[in-house]
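**Q** After the structure tokens below, expect a handful of questions from me.
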Amino acid sequence: MYNCLNSVRNRLVLTIPCLRYASSAAKESTIAQNYCLNLVRQYDKENFLCTLLLKNPERRSALAIRAFNVEIARITGTVSDDKIGQMRLKFWEETIDKLFKNDLKHVPEQPVIQELKTAIDAQKLTKRYFQRLISARLNANLRFVTTKQMEEYAENSVCSVLYLLLEAHGVRNVHADHAASHLGKAQGIVNLLRSIPHQERRNVVPVPQEVLMQHGVSQERVLRNRKEDKGVEEVIFQLAGLAHQHLEKARKLAGSVPKQARPVLLPGVAVGRYLERLRKAKFHLTDSKLLQSDTMLPLVIYWSHFLGKF
């Protein structure tokens with residue numbers, strides 16, 4: 001191997017322009033990778049912890065996919081005008097289309113786009129899942145009539161990420177997809193529950209109308225989230241129970257999931273721990289202990305990964 005490395009080094013020295021080009025390309029690649037890593041670490045901390053435990057090159061692709069998801073998810077929270085948000089999402093929709101057509105002349109040099117291109121080419125990722133992620137954000141007003149609509153939103157906005165991560169690991173397996181579907185729905189519902197205390201500015205309550213009507217609770221009561229409000233507690237309990245059912249179904253499929261796919265499902269650890277903390281908080285979303293970071297989560301994720309569990 002040492003002789004082989006020397007041979008490569010000698011050839012590079014003899015072609016200085018190529019050496020400079022390779023060095024420049026490697027530097028740009030490193031910058032793009034670090035950008036994606038920092039973006040996910042800043043805005044998607046729990047999934048970031050899970051992604052760190054993946055091995056390269058899968059980890060690099062996973063960070064690109066997660067960074068893309070962060071980019072489109074942040075749009076609705078960073079713009080005050082819906083039309084501007086729609087335009088930005090359309091930009092990403094057109095960019096994905098160009099990446100899959102290999103039309104790189106009209107694609108901007110942006111770190112997430114650069115890393116996505118590498119991942120798409122290396123792992124032959126499915127365009128449909130990217131389209132579903134964008135479509136979920138384009139069409140989402142988070143005003144669900146039924147729990148089925150909520151689950152469909154979770155399927156598109158969370159499960160699609162997991163399907164792409166499975167593909168990045170070379171896993172195309174019906175059992176893995178089935179487990180990812182249930183896990184994604186559990187995580188999607190939990191994400192919506194966790195967003196409720198922060199929705200007052202948007203005046204949006206991502207709770208299905210059928211659940212509110214079942215317990216005689218208004219959207220305003222959910223936003224106020226008073227500790228003594230038993231109706232709101234029942235609403236949150238019902239949705240948390242639905243998330244827990246999906247999580248348990250995913251875990252029951254663990255024995256059928258290929259070994260190399262299990263690290264992709266590690267977010268189930270964070271979902272399970274949040275639901276347990278929510279139960280201890282008596283389903284009060286703004287309980288002070290619930291709003292604190294889960295300091296044990298990194299250790300539990302690492303141990304679960306070691307055991308091959310999620």
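**Q** Of everything in region 97-141, what is among the aliphatic types (A, V, I, L, M) and part of a helix (DSSP H, G or I)? Give them in sequence order. Quick ask: steps written out before the conclusion?
**A** Filtering region 97-141 for residues among the aliphatic types (A, V, I, L, M) gives 99, 104, 107, 112-113, 116, 119-120, 122, 125, 133-134, 136, 138, 140.
Within region 97-141, Leu99, Leu104, Val112, Ile113, Leu116, Ala119, Ile120, Ala122, Leu133, Ile134, Ala136, Leu138 meet the criteria.
**Q** Here's something else I'd like to know. Out of all the residues in region 287-305, which are under 15 Å from Asn47 (Cα atoms) and open to solvent by less than 70 Å² (accessible area, probe 1.4 Å)?
**A** Within region 287-305, Asp294, Leu297, Pro298, Val300, Ile301, Ser304, His305 qualify.
**Q** Filter region 49-64 down to the residues that are under 14 Å from His305 (Cβ atoms) and not basic (Lys, Arg) and list them by number. Steps first, please.
**A** So in region 49-64, the residues under 14 Å from His305 (Cβ atoms) come out as 49-55, 58-59, 62.
Residues satisfying the conditions are Leu49, Cys50, Thr51, Leu52, Leu53, Leu54, Glu58, Ala62.
**Q** Within region 199-225, how many residues are in contact with a helix residue (DSSP H, G or I) (Cβ under 9 Å, 6 or more places away or on another chain), under 23 Å from Ser288 (Cβ atoms) and open to solvent by 70 Å² or more (accessible area, probe 1.4 Å)?
**A** 2
**Q** Kindly establish whether Ala250 is within 21 Å of the chain's Cα centre (by Cα), open to solvent by 10 Å² or more (accessible area, probe 1.4 Å) and small (Gly, Ala, Ser). Break it down stepwise before answering.
**A** Numbers: within 21 Å of the chain's Cα centre (by Cα): yes; open to solvent by 10 Å² or more (accessible area, probe 1.4 Å): no; small (Gly, Ala, Ser): yes.
It is false that Ala250 is within 21 Å of the chain's Cα centre (by Cα), open to solvent by 10 Å² or more (accessible area, probe 1.4 Å) and small (Gly, Ala, Ser).
**Q** Only one of Tyr35, Tyr43 is in contact with a helix residue (DSSP H, G or I) (Cβ under 6 Å, 6 or more places away or on another chain), within 18 Å of Thr95 (Cβ to Cβ) and aromatic (Phe, Trp, Tyr); which? So that I can check it myself, show each step before the final result.
**A** Details: Tyr43 fails: within 18 Å of Thr95 (Cβ to Cβ).
Every option except Tyr35 fails the conditions.
**Q** Here is a list: Lys124, Lys98, Lys117. Which entry is under 25 Å from Val171 (Cβ atoms), without any contact (Cβ under 8 Å) to a residue 24 or more places away in the chain and among the basic types (Lys, Arg)?
**A** From the options Lys124, Lys98, Lys117, the qualifying one is Lys117.
**Q** Need the failing condition index for Arg202 against (1) modelled with pLDDT under 95; (2) closer than 18 Å to Val145 by Cβ, just the number.
**A** Exception for Arg202: condition (2).
**Q** Show the residue pairs that are 6+ apart or on different chains and have beta-carbon atoms under 7 Å apart, the first residue being within region 42-56 and at pLDDT 95 or above and assigned to a helix (DSSP H, G or I), the second being open to solvent by less than 30 Å² (accessible area, probe 1.4 Å) and charged (D, E, K, R).
**A** Note: pairs meeting the criteria are Asn47/Arg66; Thr51/Arg66.
**Q** Limited to region 161-176, what total is found for residues that are part of a helix (DSSP H, G or I) and of a type outside the set (Gly, Ala, Ser)?
**A** First pass over region 161-176, keeping only residues part of a helix (DSSP H, G or I): 161-168, 174-176.
Now drop any that are not of a type outside the set (Gly, Ala, Ser), which leaves 161-167, 174-175.
Total meeting the criteria: 9.
**Q** Right, next: Within the set of pairs 6+ apart or on separate chains, which have a first residue in region 165-189 that is under 26 Å from Leu285 (Cβ atoms), a second that is of a type outside the set (Val, Ile, Thr) and at pLDDT below 95, and C-beta atoms under 7 Å apart?
**A** none
**Q** For region 119-140, what are the residues that are open to solvent by 60 Å² or more (accessible area, probe 1.4 Å) and out of contact with any Pro (no Cβ under 9 Å at 6 or more places or on another chain)?
**A** So the first thing to find is which residues in region 119-140 are open to solvent by 60 Å² or more (accessible area, probe 1.4 Å), and the list is 121-122, 124, 128, 131, 139.
Those that are open to solvent by 60 Å² or more (accessible area, probe 1.4 Å) and out of contact with any Pro (no Cβ under 9 Å at 6 or more places or on another chain): Asp121, Lys124, Arg128, Gln131, Asn139.
**Q** If we scan region 263-270, do we find a residue that is open to solvent by less than 20 Å² (accessible area, probe 1.4 Å), among the aliphatic types (A, V, I, L, M), within 13 Å of Arg194 (Cα to Cα) and under 18 Å from the mean Cα position of the chain (by Cα)? Before you say what the answer is, go through the steps one by one.
**A** Taking region 263-270 and keeping what is open to solvent by less than 20 Å² (accessible area, probe 1.4 Å), we get 264-270.
This time we only want the ones that are among the aliphatic types (A, V, I, L, M), so: 264-266, 269-270.
Right, trim to within 13 Å of Arg194 (Cα to Cα) and you get 270.
Keeping just the survivors that are under 18 Å from the mean Cα position of the chain (by Cα) gives 270.
Yes, region 263-270 contains at least one residue that is open to solvent by less than 20 Å² (accessible area, probe 1.4 Å), among the aliphatic types (A, V, I, L, M), within 13 Å of Arg194 (Cα to Cα) and under 18 Å from the mean Cα position of the chain (by Cα).
**Q** Picking from Arg74, Arg88, Arg66, which residue would you name as being charged (D, E, K, R), modelled with pLDDT of 95 or more and in a helix (DSSP H, G or I)? If you could, list the steps in order and put the result at the bottom.
**A** Working: Arg74 fails: modelled with pLDDT of 95 or more; Arg88 fails: modelled with pLDDT of 95 or more.
Arg66 is the lone residue from the list that is charged (D, E, K, R), modelled with pLDDT of 95 or more and in a helix (DSSP H, G or I).
**Q** I would also like to ask the following. Out of everything in region 271-286 that is touching a residue at least 24 places away in the same chain (Cβ under 8 Å) and not in a helix (DSSP H, G or I), what residue ends up being least open to solvent (accessible area, probe 1.4 Å)? Walk me through how you get there before you give the answer.
**A** Filtering region 271-286 down to residues touching a residue at least 24 places away in the same chain (Cβ under 8 Å) leaves 271-275, 278-279, 282-286.
If we keep only those that are not in a helix (DSSP H, G or I) too, we end up with 282-286.
Numbers: Lys282: 142, Phe283: 32, His284: 22, Leu285: 4, Thr286: 56 Å².
Restricting to residues being touching a residue at least 24 places away in the same chain (Cβ under 8 Å) and not in a helix (DSSP H, G or I), the top hit is Leu285.
**Q** In addition: Restricted to region 172-198, and to residues that are surrounded by fewer than 16 Cβ atoms within 10 Å (Cβ to Cβ) and under 18 Å from the mean Cα position of the chain (by Cα), which residue is farthest from Val145 (Cα to Cα)?
**A** His178
**Q** Here's a check for you: in region 82-138, which residue that is hydroxyl-bearing (Ser, Thr, Tyr) and within 15 Å of Ala64 (Cα to Cα) is nearest to the chain's Cα centre (by Cα)? Talk me through it step by step, then tell me what you get.
**A** Applying the first criterion (hydroxyl-bearing (Ser, Thr, Tyr)) to region 82-138 yields 95, 118, 126, 129, 135.
In the following step, the residues that additionally are within 15 Å of Ala64 (Cα to Cα) were identified as 95, 118, 126, 129.
Values: Thr95: 19, Thr118: 19, Thr126: 16, Tyr129: 12 Å.
The selected residue is Tyr129.
The values are calculated or read from the model by the stated rules, or taken from the named source; none is laboratory data. Keep in mind that this is a model prediction, so the values were computed, not measured. Heads up, the Cβs are rebuilt from the backbone with ideal geometry, glycines too, and the neighbour counts pull from every protein chain shown. Calculation scope for accessible area: heavy atoms of the full protein, side chains included, ligands and nucleic acids excluded. Shrake-Rupley method; radii C 1.70, N 1.55, O 1.52, S 1.80 Å.
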